[in-house]
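Computed from the coordinates by the stated procedures, all read-outs in this text should not be read as laboratory data. In this text, all values refer to a predicted model and were calculated from it rather than measured experimentally. Quick reminder, even Gly has a Cβ in these numbers, built from the backbone with ideal geometry, and neighbours come from all protein chains shown.
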Amino acid sequence: MDKKRALITGITGQDGSYLAEFLISKGYDVHGIVRRVALEDPDNRLTRIAAVRDQLTLHAASMESYASIHQVVGAVKPNECYHLAAQSFVSYSFDDEFSTINANINGTHYLLAAVKNIVPDCRFYFAGSSEMFGKVAEVPQRESTPFHPRSTYGISKVAGFDLTRNYREAYGLHASNGILFNHEAPRRGHEFVTRKITAGVARIRAGRATQLPLGNLEAKRDWGHAREYVQAMWLMLQQEQPDDYVVATGETHSVREFAELAFKFAGLDYKDYVVVDRQLYRPAEVNLLLGDATKAHERLDWTRKITFADLVREMVETDCRLLGVPL
Ligand code: GDD
């Protein structure tokens, strides 16, 4: 039997790279969409997929061009399509609302339309987000919780969620939405708070910094490990029927708690180093995220195994090792 073909957008990111490795381990023929500049600058832009680069087929395309998306979907003819590409940093979406909205919504729409037109039997995954819950209507948040996004990033994800559901209902596409709560790993980008903290701890330990400026320390997030969350994406596409699923740990911690634990693992007290910078506060904050993943547990048999403490430790250990100051 021919290998199953998977197409991943956002393959160079944290989730894309873990998903690519996971699908390769399952015997898939894995294809990814990347920007042309990434192919021209592999040492900087393809680092997360460097280890599996020779087992992937990369296609240069722009998520902002229907023609280029159409061309790649036609060339690959995937059996499964994982749409992870997005401007995913919430803070940037306040600086550049229009680009975030345009790129995220159009990218999703182009890809759905191309899949529907060329490979209507292809199973489709959309990376929805707990940011869609925003100013939360209930605690914990589950699939039935109404959305109230607090940023153009969140708004763009709600639109992507609705587009995906509409393609499922209107055209019969096997299209599923993951509502993924925050998920982190040593491969996380440095702009996100967890990596900012663990890289900051490493720099302080290495004597390269004396302070770590952070914004709102009281914001609470449901933080899981990205390696486990990409498996939930795959499980969604193995179900007979497409559907929407919350993926979360069911535990919430504040940014302060994350910082406290990260510094503690390195033998430091966060109070000696963390300074609050009001400029890093967001114009509208999502104060509390806590997910209820009962449906994913019952229908997908998915549960997280990596604990909060293990996640923080792995990230601190990796960053300290990278700077030559292992724990
Ligand atoms: N980035 C950042 N930097 N965040 C800070 C800082 C800081 O210095 N100080 C405090 N925070 C707070 C933010 O205000 C926010 O409440 C929380 O830390 C988490 O911020 P991020 O790590 O930037 O992630 P996010 O929760 O906004 O969004 C992430 O998770 C979503 C899922 O809920 C991203 O991965 C999104 O793409 C994803 O959809």
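If you check LYS135 against the conditions, is it touching a residue at least 60 places away in the same chain (Cβ under 8 Å) and on the phi > 0 side of the Ramachandran plot?
So LYS135 does not fit the description; no.
Considering region 148-189 alone, what residues qualify as being outside any helix (DSSP H, G or I), in contact (Cβ under 8 Å) with a residue 40 or more places away in the chain, in contact with a helix residue (DSSP H, G or I) (Cβ under 7 Å, 6 or more places away or on another chain) and more than 10 Å from the ligand (Cβ to nearest atom)?
LEU173, ALA175, SER176, ASN177, GLY178, ALA185, PRO186, ARG187
Report every pair of residues separated by at least 6 positions or lying on different chains whose Cβ atoms are under 7 Å apart, first residue within region 1-15 and of a type in the set (Val, Ile, Thr), second in a loop (DSSP other than H, G, I, E, B).
ILE8/LEU84; THR9/MET63; THR9/LEU84; THR9/ALA85; THR12/LEU46
Consider VAL286 carefully, then state whether it is in contact with a strand residue (DSSP E or B) (Cβ under 7 Å, 6 or more places away or on another chain) and within 15 Å of the ligand (Cβ to nearest atom).
no
Which of the residues belonging to region 190-199 are more than 14 Å from the chain's Cα centre (by Cα) and near the ligand (Cβ under 9 Å from one of its atoms)?
Once the filter is applied, which keeps residues that are more than 14 Å from the chain's Cα centre (by Cα) and near the ligand (Cβ under 9 Å from one of its atoms), region 190-199 yields LYS196, ILE197.
Any idea how many residues of region 18-52 are outside any helix (DSSP H, G or I) and crowded, with 17+ Cβ neighbours inside 10 Å?
Residues meeting the conditions: 8.
Go through region 59-89 and count every residue that is assigned to a helix (DSSP H, G or I) and touching a residue at least 12 places away in the same chain (Cβ under 8 Å).
The qualifying residues number 8.
So which residues in region 106-148 are of a type in the set (A, V, I, L, M) and either within 16 Å of the chain's Cα centre (by Cα) or under 23 Å from GLU298 (Cα atoms) (or both)?
Hits for region 106-148 are ALA127, MET132, VAL139.
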